[in-house]
Amino acid sequence: MANSGQKVVLITGCSSGIGLRIAVTLAKDEKKRYHVIATMRDLKKKDKLLEAAGDAYGKTLMLLPLDVCSDESVKECVNNVKDRHIDILINNAGVGLLGPVESISIDEMKRVFDTNFFGVVRMIKEVMPDMKKRRSGHIVVMSSVMGLQGVVFNDVYTASKFAMEGFCESMAVQLLKFNIRLSMIEPGPVHTEFETKMMEDVAKMDFPGVDADTVRYFKDVYLPSSIDIFEAMGQTPEDIAKCTKVVIESERPRFRNLTNSLYTPIVALKYADETGGLSVNTFYNLLFNFGPLMHITMSILKCLTCSCLRRRTISPN
Ligand SMILES: NC(=O)C1=CN([C@@H]2O[C@H](COP(=O)(O)OP(=O)(O)OC[C@H]3O[C@@H](n4cnc5c(N)ncnc54)[C@H](OP(=O)(O)O)[C@@H]3O)[C@@H](O)[C@H]2O)C=CC1
Ligand SMILES: CC1=C(/C=C/C(C)=C/C=C/C(C)=C/C=O)C(C)(C)CCC1
């Protein structure tokens, strides 16, 4: 049970990756400021989390089952929290989906939206009314750089994160009136099971209904570049957990939080040209013309993160 003065944090999707690391980082807070309720849809997967949590388990960390795709599971989980009191809700659970849309069934696409978009909506609908009554709370959502910028062959995953960004951007205004903060975390590539699961899925794909050119662009152009990007820009779950801790500990938490400054210029392109041509053409060139020179591109991107580009693209002067 939480001590008085401790903040109750509920996190979704803690069986692996970013959710696991956020749970452990907060549970091991030196000043013991958090009572962490780490949730996962299948408690049989708890061992990795418990091993990482060590003796924090049973003290600052407890476990509850929660499947964000089930209304009943969401309700039962929140009802099992003492007085349904959650100070900080971290919506982390999510799934990826990669490949040409022609080969992906509508049911697979719905599963991604049910987890990444409706999963977050279900959680917010369940937790927000109590936060509103208390006039306090912080809702954190694990979005993605793909919630801000589309990435080729990630069309449906990107759409699910855009949907969530739109939902949260609208909600944030109303919530502020109730003194509830809403923050999005927008990581680029992170080395977790997300990456391995997607690569395993790709290895099994036989691309039904996809023409040979598209398969070639996906397998021989996109995939090698994507692997390069993961190698050059990939962060660790620890990086994202640290960034999340900064956001929840901030007196005035930011709404948007890109975790990797290398993505700042990519996102800035969108706002530098409202017709969208600049981003579409830059992505086209990066992928189809500079693919083999991706390492050099990485260096240019690093250079572009200096503040002069931001000033030129963001400032009206
Ligand atoms: N890795 C990356 O490059 C990036 C990831 N993200 C986002 O970060 C978040 C975490 O991903 P990451 O840690 O990388 O990936 P992982 O695959 O390691 O973790 C995803 C977690 O979500 C859980 N999950 C999936 N479906 C459900 C569900 N229906 N109910 C409850 N939990 C569920 C998984 O549980 P189970 O073990 O049961 O499947 C797992 O615990 C996701 O929202 C992802 O979109 C954002 C940017 C980059
Ligand atoms: C930047 C960039 C690319 C790839 C980006 C990738 C692979 C991003 C992955 C982000 C993830 C995994 C987010 C998870 O939510 C391309 C299209 C190869 C070429 C053009 C520039």
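Residue check: is Arg134 in contact with a His (Cβ under 9 Å, 6 or more places away or on another chain), surrounded by 17 or more Cβ atoms within 10 Å (Cβ to Cβ) and outside the structural domain of Leu269 (by TED's automatic domain parsing)? For Arg134, the condition - in contact with a His (Cβ under 9 Å, 6 or more places away or on another chain), surrounded by 17 or more Cβ atoms within 10 Å (Cβ to Cβ) and outside the structural domain of Leu269 (by TED's automatic domain parsing) - is not met. Within segment 32-68, the set of residues being in a strand (DSSP E or B) and either closer than 15 Å to Gly17 by Cα or modelled with pLDDT under 95 (or both) comprises Ala38, Thr39, Met40. Is it true that some residue in segment 136-148 is more than 17 Å from Ile90 (Cα to Cα) and not hydrophobic (A, V, I, L, M, F, W, C)? No, every residue in segment 136-148 fails to be more than 17 Å from Ile90 (Cα to Cα) and not hydrophobic (A, V, I, L, M, F, W, C). For segment 169-192, the criterion of being more than 30 Å from Ala52 (Cα to Cα) and within 16 Å of ligand 2 (Cβ to nearest atom) is met by no residue.
Residues in segment 53-65 that are surrounded by fewer than 18 Cβ atoms within 10 Å (Cβ to Cβ) and in contact with a helix residue (DSSP H, G or I) (Cβ under 6 Å, 6 or more places away or on another chain): 2 in all.
A single member of Arg122, Arg111 is buried (at least 20 other Cβ atoms within 10 Å of the Cβ) and part of a helix (DSSP H, G or I), and it is Arg122.
Residues are listed down the side, and each one gets a yes or a no for (1) within 30 Å of Ile180 (Cα to Cα); (2) modelled with pLDDT of 90 or more; (3) surrounded by fewer than 17 Cβ atoms within 10 Å (Cβ to Cβ); (4) not hydrophobic (A, V, I, L, M, F, W, C):
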position: Met233; (1), (2), (3), (4): no, no, no, no
position: Ser250; (1), (2), (3), (4): yes, yes, yes, yes
position: Val280; (1), (2), (3), (4): no, yes, yes, no
position: Tyr284; (1), (2), (3), (4): no, yes, yes, yes
position: Phe290; (1), (2), (3), (4): no, no, yes, no
position: Leu293; (1), (2), (3), (4): no, no, yes, no
position: Ser299; (1), (2), (3), (4): no, no, yes, yes
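Looking for something among the β-branched types (Val, Ile, Thr), more than 8 Å from ligand 1 (Cβ to nearest atom) and either closer than 26 Å to Phe288 by Cβ or surrounded by 19 or more Cβ atoms within 10 Å (Cβ to Cβ) (or both) - is there at least one such residue anywhere in segment 166-182? Yes: segment 166-182 contains one or more residues that are among the β-branched types (Val, Ile, Thr), more than 8 Å from ligand 1 (Cβ to nearest atom) and either closer than 26 Å to Phe288 by Cβ or surrounded by 19 or more Cβ atoms within 10 Å (Cβ to Cβ) (or both). For segment 48-80, a residue qualifies if it is within 16 Å of ligand 1 (Cβ to nearest atom) and more than 23 Å from the chain's Cα centre (by Cα), and the qualifying residues are Glu51, Glu72, Glu76, Asn80. When only residues in segment 208-256 that are under 30 Å from Glu102 (Cβ atoms) and of a type in the set (D, E, K, R) count, which is nearest to ligand 2 (Cβ to nearest atom)? Out of the qualifying residues, it is Asp228.
Does segment 92-115 contain at least one residue that is under 20 Å from Leu182 (Cα atoms), within 16 Å of ligand 2 (Cβ to nearest atom) and of a type in the set (A, V, I, L, M)? Yes, there is a match, as at least one residue in segment 92-115 is under 20 Å from Leu182 (Cα atoms), within 16 Å of ligand 2 (Cβ to nearest atom) and of a type in the set (A, V, I, L, M). Just one residue in the set Ala38, Ala2 is away from ligand 2 (no atom under 16 Å from the Cβ) and in contact with a helix residue (DSSP H, G or I) (Cβ under 6 Å, 6 or more places away or on another chain); that residue is Ala38. Taking first residues from segment 246-265 that are more than 16 Å from Leu148 (Cα to Cα) and partners that are part of a loop (DSSP other than H, G, I, E, B), the Cβ contacts under 7 Å between residues at least 6 apart in sequence or on separate chains come to Val247/Pro253; Val247/Arg254. Scanning segment 81-105 for residues that are farther than 17 Å from Pro65 by Cβ, more than 19 Å from the chain's Cα centre (by Cα) and not in a loop (DSSP other than H, G, I, E, B) yields a count of 4. Taking Met198, is it more than 12 Å from ligand 2 (Cβ to nearest atom) and either touching a residue at least 60 places away in the same chain (Cβ under 8 Å) or under 15 Å from the mean Cα position of the chain (by Cα) (or both)? No: the conditions fail for Met198.
The values are calculated or read from the model by the stated rules, or taken from the named source; none is laboratory data. Remember, predicted model here, so these are calculated numbers, not experimental data. All Cβ positions, glycine included, derive from the backbone under ideal geometry; neighbour counts span all protein chains shown.
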